[in-house]
Amino acid sequence: MWQVLSSAWALLLGMGMLMVGNGLQGTILGVRGDLEGFSTLEMSFVMSAYFVGFLGGSRMAPEMIRRVGHVRVFAALASLISAVMILYPAITNPFAWMLGRVLIGFCFSGVYVTAESWLNNAADNANRGKALSLYMLVQMLGIVSAQALMLVGNPSGYETFVIASVVISVSFAPILLSISPTPAFDTTKPMSLRQLMDASPLGCVGMFLLGGVFSAQFGMSAVYGASAGLTLPQISLFVATFYVGALLLQYPLGWVSDRMDRRVVILFAAACSGAAAVLGMALGGNFVFLLVAAFLIGGMTNPLYSLLIAHTNDYLDYDDMAAASGGLVFINGLGAITGPLITGWLMGESIMGPPGFFMIMAVLTFALAAYALYRMTQRASIAVDESGTFAPMAPTGSPVAVEFAQEYVIETELEEQEAAQEAS
C-alpha cells in the first residue's frame, strides 16, 4: 500500500480533489435551482445534460489525447471547468445551465480518461489491485467531503461556486507536477453491443437500468432534498449517506460474490435497494428513515456496477474483457441520461412530487432483480472455482478505469492458475 501511495500519491490527491469539485457542483446546483424557482422538470434536464457530455467526452477524449497529449488536454479542460463553475451563479437560466452541464460533463470525462490512464501507467502487476482500491476509496471520500463544503458558503450567493472552481483548479497541480512519466495512450477496440448482449444479457440490461438509478442519485438527490423542504445541512448529509453506504458495502458484497453464484448477489442487492426505495417513499418524512433508505440504496446499487461487470467477465475470454469495458460503460451512460429526465417528470407536482425520486429507483432496481431471477432460469450457473475475480469500481469513472480493473482481474486469475499448476 505504501508503495502505491509513494508512486501515485499526486495522482490520487488530484483525483480526490476533482471528485470534491464535481460532487460539490452537482449538489449546489440542485439547491440553487430550487432557490431560483426552477421546476423539477427543468432541473432534471440540467442534471441529465452532465451525462450527455460525459458520454460524449469518453468517446472523444482518447483521440484528443493522441493528437495533442495529456498535458494540453488537462490544461484546456481545466480552464473550461473553472469558467463554467463561475458562470453558473452569474447566468441563472436553466438553458444556460444545461449547456454548462454538457460542457462540464465532457470536460470531466476527458480529465478522468487522462488521469486514469496516468494511474494505470504508474501501477504494475504487484500493486495494481491496491491502486484500484485506493482510487475507488479516493473517489468516494471526495464526493462525501464535498457535501461538508456545502455548509461553508451561502448557496444563494457566489461563495460555494467559487470554492468548487478553486478546488478544481488546484486539483490539477499535483497531477501535472507529478514526476510520473506521461504514458503512451492506447485504448482497446470495443466489442460490439450485439456481442456483449449475446455474452451476458444480464450484464447489459443491468448496466442500462443501473445507469438510471445512479444518475438519479448523483444528479437528483439534492433536488429531492430541496423539494422536500430539507435544510441545507440535512441535504448535505442525505447526499453524503448514499456514498458512505457505497463505501462500506462494496467489499462485503464483492467478497460474497466471489464465493457463490454472482447472480444471487445481484438479485439480493437489487431487491434490497428496491425495498429501501419503497421505505424512503413511504417514510421519507422522517429524516432518520430517509438516511437509512439512502444508506441502503447507495450501499446496494453502487456495488452492483462492479458485480455486473464481474458477472459479464465470467462469460468472456481474457482477450475480450478489456474490449467489453467500453461497451458496458456506454450502455450505462445511455441509462444515466434517461434517469434524471424520468425522475424530474415523476417529481412534478402534478405527478408524484418529491416521492417520485424514490419511485424511479424502486421501479428500476426491482426490474433488475426480476430480470436477474429470470436469467437464472435460462442459464446454468458457473462453478465458483471457474468464475472471475471481483474488482471494486465506482460508476463515476471513465472506460479507462474499467479497463484498468479488467487488467487487474486478468492478472489475478492468471497468477491463480499458475499457482494451481505449480501446486499440482
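Some observations on this one:
- Residue tally, condition open to solvent by less than 60 Å² (accessible area, probe 1.4 Å), at pLDDT below 75 and not β-branched (V, I, T), over the range 160-178: 1
- Selection count, the range 209-237, where residues are under 15 Å from F45 (Cα atoms), open to solvent by less than 10 Å² (accessible area, probe 1.4 Å) and not hydroxyl-bearing (S, T, Y): 7
- Qualifying residue in the range 104-112 (condition: open to solvent by 10 Å² or more (accessible area, probe 1.4 Å) and out of contact with any Phe, Trp or Tyr (no Cβ under 9 Å at 6 or more places or on another chain)): no
- If you go through the range 275-302 and pick out every residue that is among the β-branched types (V, I, T) and touching a residue at least 40 places away in the same chain (Cβ under 8 Å), you end up with 3.
- Helices (runs of 4 or more DSSP H) contained in the range 1-102 and holding at least 1 residues under 17 Å from A216 (Cβ atoms) and more than 23 Å from the chain's Cα centre (by Cα): 2-35
- Test: residue in the range 251-259 that is modelled with pLDDT under 95, touching a Ser or Thr at 6+ places or on another chain (Cβ under 7 Å) and crowded, with 23+ Cβ neighbours inside 10 Å: no
- Test: residue in the range 398-421 that is under 28 Å from the mean Cα position of the chain (by Cα), surrounded by 15 or more Cβ atoms within 10 Å (Cβ to Cβ) and part of a loop (DSSP other than H, G, I, E, B): yes
- Count of the range 227-262 residues which are touching a Pro at 6+ places or on another chain (Cβ under 9 Å) and of a type outside the set (S, T, N, Q): 9
- Any chance F295 is farther than 25 Å from L41 by Cβ and among the aromatic types (F, W, Y): yes
- Some residue of the range 30-44 being modelled with pLDDT under 85, more than 27 Å from N332 (Cβ to Cβ), open to solvent by 60 Å² or more (accessible area, probe 1.4 Å) and not small (G, A, S): no
The values are calculated or read from the model by the stated rules, or taken from the named source; none is laboratory data. A quick note: this is a predicted structure, and the numbers were derived from the prediction, not measured. Backbone-built Cβ (ideal geometry, glycine too); neighbour counts: all protein chains shown. Protein only, heavy atoms only, side chains kept; ligands, DNA and RNA dropped before computing areas. Shrake-Rupley method; radii C 1.70, N 1.55, O 1.52, S 1.80 Å.
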